[in-house]
Amino acid sequence: MNGSGKLRRTKRATIAFNDLEHQALEKYFKKYKIRNKTRFMREAIMRTVIAKFADDYPTLWDQPSGSV
């Protein structure tokens, strides 16, 4: 198996929007000429997840109070 097989997307997720959310997304897609909606949503979700992981990652300077 080649290396790219490890990153093959085989897990499916479904998301639902209300009418206003859907209208906003469609307006955004049209305005910014987004053709691949799945890619856009996947990247937006993963960008948020990775940023949160980075924020939560402990560092030498982010120790709980009371510990030295």
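If you take the residues in region 41-55 that are of a type in the set (Lys, Arg) and modelled with pLDDT of 95 or more, which one is surrounded by the most Cβ atoms within 10 Å (Cβ to Cβ)?
Let us first name the residues in region 41-55 that are of a type in the set (Lys, Arg), namely 42, 47, 52.
If we keep only those that are modelled with pLDDT of 95 or more as well, we get 42, 47.
Numbers: ARG42: 13, ARG47: 10.
Once the filter is applied, the top-ranked residue is ARG42.
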TODO: Six or more apart or on different chains, Cβ under 7 Å: which pairs go from a residue in region 27-55 that's within 16 Å of ARG9 (Cβ to Cβ) to one that's modelled with pLDDT of 95 or more and part of a loop (DSSP other than H, G, I, E, B)? Could you list them?
DONE: PHE40/ILE34
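Listed residues THR38, THR14; which is modelled with pLDDT of 95 or more, in a loop (DSSP other than H, G, I, E, B) and exposed (fewer than 10 other Cβ atoms within 10 Å of the Cβ)? Full working, then the answer.
Working: THR38 fails: in a loop (DSSP other than H, G, I, E, B).
Result: THR14 is the single residue among THR38, THR14 that is modelled with pLDDT of 95 or more, in a loop (DSSP other than H, G, I, E, B) and exposed (fewer than 10 other Cβ atoms within 10 Å of the Cβ).
The values are calculated or read from the model by the stated rules, or taken from the named source; none is laboratory data. For clarity, every value in this text was computed on a predicted model and none was experimentally measured. Glycine also receives a Cβ, built like all others from the backbone with ideal geometry; neighbour counts cover every protein chain displayed.
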